[in-house]
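The values are calculated or read from the model by the stated rules, or taken from the named source; none is laboratory data. This one's a predicted model, so the numbers in the text were calculated from it and none came from an experiment. Here the Cβ is made from the backbone with ideal geometry for all residues, glycine too, and neighbour counts use every protein chain on show. Protein only, heavy atoms only, side chains kept; ligands, DNA and RNA dropped before computing areas. Shrake-Rupley method; radii C 1.70, N 1.55, O 1.52, S 1.80 Å.
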Protein chains: 2
Amino acid sequence: MKKYRDLSPSPRTIMTPGPVEADPRVLRAMSFPILGQFDPEFTGLMNETMEMLRELFQTTNRWAYPIDGTSRSGIEAVLTSLIEPGDRVFVPIFGRFGHLLVEIAERCGAMVSTLEQEWGKVFDQEQVIRHIGANRPHIVAMVHGETSTGCMQPLADIGKACREMDVLFVVDAVATIGGVPVEPDEWCIDAVIGGTQKCLSIPSGMAPISYNQRAEAKVLKRKKIERGLRPAHHPESSQTQIRGIQSNYFDLSQLQDYWSADRLNHHTEATSMLYALREGVRIVLEEGLEARFARHRAQEAALVAGIQAMGMTLYGDPTCKLPVVTCVMIPPGVDGESVRAMLLDDFGIEIASSFGPLKGKIWRIGTMGYSCRKKNVLHILGALEAVLARHGARVHTGQAVQAALDSYGRSRYE
Amino acid sequence: MKKYRDLSPSPRTIMTPGPVEADPRVLRAMSFPILGQFDPEFTGLMNETMEMLRELFQTTNRWAYPIDGTSRSGIEAVLTSLIEPGDRVFVPIFGRFGHLLVEIAERCGAMVSTLEQEWGKVFDQEQVIRHIGANRPHIVAMVHGETSTGCMQPLADIGKACREMDVLFVVDAVATIGGVPVEPDEWCIDAVIGGTQKCLSIPSGMAPISYNQRAEAKVLKRKKIERGLRPAHHPESSQTQIRGIQSNYFDLSQLQDYWSADRLNHHTEATSMLYALREGVRIVLEEGLEARFARHRAQEAALVAGIQAMGMTLYGDPTCKLPVVTCVMIPPGVDGESVRAMLLDDFGIEIASSFGPLKGKIWRIGTMGYSCRKKNVLHILGALEAVLARHGARVHTGQAVQAALDSYGRSRYE
């Protein structure tokens, strides 16, 4: 008898805000034999992947490549490469992942200032711009789509204001890339981080990033700084040990040399994850960005129609709803975790609970990438209705799936 | 016509010191559908993987889990979590990857001291111990198997001396884990980092680590330190901004909470790479560590017999040869890169060039994990002989494969 059994994961319908189901083509790509990292055939695939990422990010940036780690590794790579100890970093927070930006920026030695918006809403861009004008940070870091609250922040005006004031603008687009429009060039974003395990439907383990010449200039400036050689230019820096980028693994100046024609040796590129990234982005580009965004909108509409037909209430300001995450108020008297457990155990469906102030109050349902399809939306609506009835919740039965079918009838998406 | 073609990598015989061919069972494991990171079925697989890693590392340590990144991410996670700015870190260097330890330790704010050994040799342990005794570092960091020189450093005496002097001992066993004995408990190693893409034959992208209570105590102490609250205890610290662990992604105190029963949310675990790690380590444990080490020795013997029968010379001190990497002097007048290119283009075989002082002087041939098998060794010997003849090198023809076959005849390994 073998001590450790053959891998045989149960099939799941994953309707969380990530990770979601990986596209079967992506899974297949990972099963191909590997190539050596300096094999010309592999470096060719690396170059091609950079080209594809530029299309995904709709950018003319030279640099678009993955960090070999999960989404937050991409965020940390960008922040640790851009933030010099003592830099003023401004983070407007409207959910959990804004706090993560603060947490990472502080560890990079930033002097962080924040503005907090009530959860379930986003910022009026003018308010953020006024704060930037008054405090003149070196860097503004913001989340685009907050999966914790299901809200999406408009960014274009903030980006333009940052550009005018010569402030670097960093955006966490982990939840939105490949699902809703993300336009770094148009919105004046200097560095953007995407996630794989959400709307791209690639397993977690790589973080595609892109940054422009303004960001690169700061990275390259830090590449040359020797320890202790830089003159102090603000009060904090006299207490600060001046130094270059504090991480080797996340040093964008070294990583871009590795991804350039020079191929300077750094880490050993994660071959199978690169295959996965290439295939996942290839699927996105084949579908077409506009068509893909429209599909996500249509599936969201069907899901929302079904949820509302059941008589349930959505959480959050509808004017800034993130199309790929739908937050649902847990009905009074219902144990949210018991509902989630029954969905998983009896129906093989996973939906998400929530964080911090929303814990126990809402469920979060993702409609992302490969998971975002008619089969899944109809399955979850039928299952949720049955499970809620089983929990004694007052729901209108027999309505949700019909409402979703009606919604599909009004769109051309299936 | 599709702009980006279907993935279809050429089959390669990969005989570098990593990455090497992934075991087909590992590739298959990656193609299974994913599970959510908090799905009880997935957390069960995480727990099982920790148990398997403890067997692989032959340790009773509580903590044995992967960092989600390539091998150097594991090294950086350990060093950045253990090194407080101003800590004295001692790195004995006998090849390229010793320099990497210095590079990372310096970025963590360490006061690094080094001792350098001529490439191709290792240290007499007593010399290292004397240096530790004289300089009393907080941490000693060393490479076990240097793929850059094909040398392996004995560590047991150094480890015991560190323990007696209350110095933390960190070992980079990226190249050796799963191919030759690595015994952290026996050798008094406090934190050890393994690699996946070498003797474990798992694609690059995860770094299994293990650390004991001594290392954990330092990590937990740093978890609690608030910025600026710690009193100075040595001259450097007055210039140093005192702080906790400078990385969020690599913070072992947070990562061990994520890997504990508490499951505190951190990154989104890289599902498919975890499947790969679990399958790769399962294969190792099924083969048995002792049997696996013996297999690596037998394949090495056949390769070396063949190389020498051709009349070629090995590089490095044979008394400290790393069994899984064989360094071969490039014959006078032969263009090493041209030989490598012909091996790849005509025979589909990849061997490695070398770094720094050895550039252009040696080839490095790996016999690691799944790549370490009779079929590959006989293939490369025949091919190398033919390519060298084609390059006009003076080699004894018709001898290499026969010598390897003779070597296999003397062992029970195929």
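The table below gives the values:
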read-out	value
Candidates per chymotrypsin sites (Phe, Trp or Tyr not before Pro) in region A:1-71, loop by DSSP, up to 10 other Cβ within 10 Å	none
Only Lys, Arg (+1) and Asp, Glu (-1) charged, at Cβ; region A:23-284 dipole about Cα centre in debye	420 debye
Loop trypsin sites (Lys or Arg not before Pro), region B:38-108 (other Cβ atoms within 10 Å of the site Cβ: 16 or fewer; DSSP)	B:ARG62
Calculated over the protein assembly as shown: convex hull of Cα atoms, volume per residue (Å³)	159 Å³
Among A:GLY348, A:GLY311, A:GLY333: highest mean-square fluctuation, GNM of chain A, C-alpha pairs under 10 Å	A:GLY333
Centroid-to-centroid separation of region B:284-313 and region A:120-157 [C-alpha atoms, Å]	59 Å
Local net charge near B:ILE34, Cβ-Cβ under 13 Å (Lys/Arg +1, Asp/Glu -1)	-4
Label geometry 7 Å along the beta-carbon vector: B:GLU126 inter-copy distances in nm	8.1
Pairs from A:LYS223/B:LYS359; B:LYS321/B:LYS374; A:LYS160/B:LYS3 whose Cα-Cα separation, in the structure shown, is over 23 Å	A:LYS223/B:LYS359; A:LYS160/B:LYS3
Phi-based couplings in Hz for region B:336-345 (Karplus 6.51, -1.76, 1.60; Gly and Pro marked x)	x, 6, 5, 5, 4, 5, 5, 4, 6, 6
Net charge of neighbours whose Cβ lies under 13 Å from the Cβ of B:GLU21, counting Lys and Arg as +1 and Asp and Glu as -1	+2
Amide H contacts of A:MET111 (H built 1.01 Å from N, under 5 Å, at least 5 apart or other chain)	A:GLY86, A:ASP87, A:ARG88, A:VAL89
For B:ILE349, distant residues with modelled amide H under 5 Å away	B:THR13, B:LEU344
Degrees, to the nearest 10: B:271-287 long Cα axis against longest axis of chain B	60 degrees
Square roots of five times the Cα gyration tensor eigenvalues for region B:15-103, Å	30, 20, 13
Ascending list, in nanometres, of distances separating the A:SER338 label from those of the other copies (7 Å, Cα toward Cβ)	7.9
Shielding by other protein chains, A:209-215, mean Cβ within 10 Å	0
Chain A: relative contact order in percent, alpha carbon pairs under 8 Å with at least 6 residues between	23 percent
For the protein assembly as shown, size of Cβ-based charge dipole, Lys and Arg +1, Asp and Glu -1, in debye	220 debye
Ratio Rg/Rh, restricted to region B:133-185 and using Cα atoms, in which Rh is the Kirkwood radius	0.99
Gain on full stretching of the segment that runs from B:GLU118 to B:ASP6 - 0.36 nm per residue minus C-alpha separation	35.6 nm
Ranking by accessible area, most exposed first, for A:GLU126, A:GLU186 with a 1.4 Å probe	A:GLU186, A:GLU126
Test item: A:8-16 mean partner chain Cβ contacts at 10 Å	4
Compactness relative to 2.2 N^0.38 Å, alpha carbon Rg of region B:244-350	1.67
Low-density loop positions, trypsin sites (Lys or Arg not before Pro), region B:359-405 - DSSP coil, at most 11 other Cβ in 10 Å	B:LYS359
Distance between region B:2-65 and region B:179-204 - C-alpha centres, whole angstrom	15 Å
Copies compared at A:ARG297 - label distances in nm, ascending, label defined 7 Å from Cα in the Cβ direction	6.8
Whole-Å semi-axes of the ellipsoid equivalent to region A:23-284 (Cα gyration tensor, √5λ, descending)	30, 23, 15
Ratio Rg/Rh [Cα only; Rh per Kirkwood] for region B:56-199	0.92
A:THR397, B:THR59, reordered so the largest accessible area comes first (probe 1.4 Å)	A:THR397, B:THR59
Stokes-Einstein D for region A:289-410, Kirkwood Rh over Cα pairs, 20 °C, 1.002 mPa s (µm²/s)	148 µm²/s
Global geometry of region B:345-414, whether rounded, prolate or oblate, following the gyration tensor of its Cα atoms and the 1.5 cut on a/c	oblate
Selected from A:SER31, B:TRP63, A:THR313, residue furthest toward positive end of dipole (the protein assembly as shown; charges at beta carbon)	A:SER31
Shape category assigned to region B:101-157 from the gyration tensor of Cα positions, a/c cut at 1.5	oblate
Sum of -39500 (n - 2.57) over DSSP H runs of 4+, divided by residues of chain A (222 nm, nearest 500)	-12500 deg cm²/dmol
GNM flexibility winner over chain A from A:ASN248, A:ASN212, A:ASN376 (Cα, springs under 10 Å)	A:ASN248
